[in-house]
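Data first, discussion second: the structure below is written as structure tokens.
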Amino acid sequence: MNFKEIFNFKARIGELISLFKNIAKFDFLGRLKTIVKDIPGLVALAGATLMFIGAFIPNYWAGFWGINTYMNLFQAPWGVLIFILTLGILGLSYFKQIFWAGLTSALCFTITVIQAIAFPVAIKLESGGWIDAGVHVGFFFVLLGELAVVGAFALNYFV
């Protein structure tokens, strides 16, 4: 496939609309049987599941003199948006819409990286440097999940 054929948004939007028109006829159990053969779809679904799990694990921490507090994705400024997009990526991955799942994951990746830089810096600046802050294990779950979905997009269209 060439670049123009992959990023033909008119055709991709048409595919998405036809999916929603025919959602009542979609074979949900049949998709579960064929997902093992669909490697990019399986990778995207695994990455989206990793993002979903990472939303509930602590993503950020802040500490003052050895007393630490941990925050999950819902307590971060743009965390709820990332979680909603994660649910969308899960659905898109299940319905074989790897193109839209990859673009949505790239958007989530951008927001996540900016938030990982801005959130701890804002806490340190507001406290005058007294409070340390950083990212925690849930952040890496979300980040690796986003990279897996983007990798599934690349695997589906460029490999």
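Some notes on this structure:
- If you go through segment 65-82 and pick out every residue that is of a type in the set (Gly, Ala, Ser) and part of a loop (DSSP other than H, G, I, E, B), you end up with 2.
- Segment 56-75 residues that are touching a residue at least 40 places away in the same chain (Cβ under 8 Å) and open to solvent by 80 Å² or more (accessible area, probe 1.4 Å), paired with ones that are aromatic (Phe, Trp, Tyr) and part of a strand (DSSP E or B) (beta carbon under 8 Å, 6 or more apart): Tyr70/Tyr60; Tyr70/Trp61
- Number of positions in segment 19-46 that are of a type in the set (A, V, I, L, M, F, W, C) and either open to solvent by 80 Å² or more (accessible area, probe 1.4 Å) or within 30 Å of Ala122 (Cβ to Cβ) (or both): 7
Residue-wise test of (1) open to solvent by 30 Å² or more (accessible area, probe 1.4 Å); (2) part of a helix (DSSP H, G or I); (3) at pLDDT 90 or above.
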position: Ala48; (1), (2), (3): no, yes, yes
position: Trp100; (1), (2), (3): yes, yes, yes
position: Ile123; (1), (2), (3): yes, yes, no
position: Phe141; (1), (2), (3): yes, yes, yes
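- Within segment 52-92, the only residue that satisfies the criterion of being out of contact with any Phe, Trp or Tyr (no Cβ under 9 Å at 6 or more places or on another chain), farther than 16 Å from Ala106 by Cα and aliphatic (A, V, I, L, M) is Ile67.
- Extreme residue, least open to solvent (accessible area, probe 1.4 Å), among residues of segment 1-10 that are under 20 Å from Ala152 (Cα atoms) and assigned to a helix (DSSP H, G or I): Ile6
The values are calculated or read from the model by the stated rules, or taken from the named source; none is laboratory data. All of these numbers come straight from a predicted model, not from anything done at the bench. No Cβ is skipped: glycine too gets one built from the backbone with ideal geometry, and neighbour counts run over all protein chains shown. The protein model used for the area step is the full one, side chains on, heavy atoms only, and it has no ligands, DNA or RNA in it. Shrake-Rupley method; radii C 1.70, N 1.55, O 1.52, S 1.80 Å.
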